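Right, one structure below, let's go through it.
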Amino acid sequence: MSIDAKLFVLYAIYVEYQKDLPNMESVTAEALGIDEDVFNVAVLKLCNEGYITGADPIYVDQLAYPVSVDMSRVMPTQKGIEAASGDLAVTARTGGERVRQMAGRFIEYGWQGLTDFAAKVLVEIGKQALK
């Protein structure tokens, strides 16, 4: 199953959101294995369409696309949460269970960048639970 960059980034934001203390700065082009310009534009589209809030694009000179996006205050909106959980048929109750369920879907669909990202989030959730 193929996926566009906008949904790829939305799903990563939703995965990170499952942590008790999400660190949206960990949602990066590099972490997801996609081109940085594509990532930045996907974030802008998600903001424009009301799926996320808090992204702060950084522009230089007359470039059409931002050179980077500050993700530190990004959060999915209710619309973004419903879209991501609905698309992935997420039914689990806790954050860790939801991430585990999503990771299974990512593996099933062959989305390696999201699978790796979800695995890192699962480890972090596990560490938080041990504290």
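Quick note: the coordinates plus some simple rules give every number you see, no bench work behind them. In this text, all values refer to a predicted model and were calculated from it rather than measured experimentally. Methodologically, a virtual Cβ is constructed for each residue, glycine included, from the backbone with ideal geometry; neighbour enumeration extends over all protein chains shown.
Condition check ((1) in contact with a Ser or Thr (Cβ under 9 Å, 6 or more places away or on another chain); (2) over 16 Å from residue 24 (Cα atoms); (3) of a type outside the set (A, V, I, L, M)) across all residues:
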| site | (1), (2), (3) |
| --- | --- |
| 63 | no, yes, no |
| 77 | yes, no, yes |
| 88 | no, yes, no |
| 94 | no, yes, yes |
| 107 | yes, yes, no |
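Exactly one residue out of 56, 20 is out of contact with any strand residue (DSSP E or B) (no Cβ under 7 Å at 6 or more places or on another chain) and not aromatic (Phe, Trp, Tyr): that is 20. The residues in region 55-74 that are charged (D, E, K, R) and free of Cβ contacts under 8 Å to residues at least 12 places away in the same chain can be counted, and the count is 1. Any idea which residue in region 80-131 is surrounded by the most Cβ atoms within 10 Å (Cβ to Cβ), counting only those that are basic (Lys, Arg) and within 14 Å of the chain's Cα centre (by Cα)? Of everything passing the filter in region 80-131, 98 is surrounded by the most Cβ atoms within 10 Å (Cβ to Cβ). Here is the figure for region 29-40: residues that are under 15 Å from residue 12 (Cα atoms) and in contact with a Phe, Trp or Tyr (Cβ under 7 Å, 6 or more places away or on another chain) total 5.
Scanning region 75-131 for residues that are charged (D, E, K, R), closer than 25 Å to residue 49 by Cβ and either touching a helix residue (DSSP H, G or I) at 6+ places or on another chain (Cβ under 8 Å) or in contact (Cβ under 8 Å) with a residue 40 or more places away in the chain (or both) yields 87, 98.
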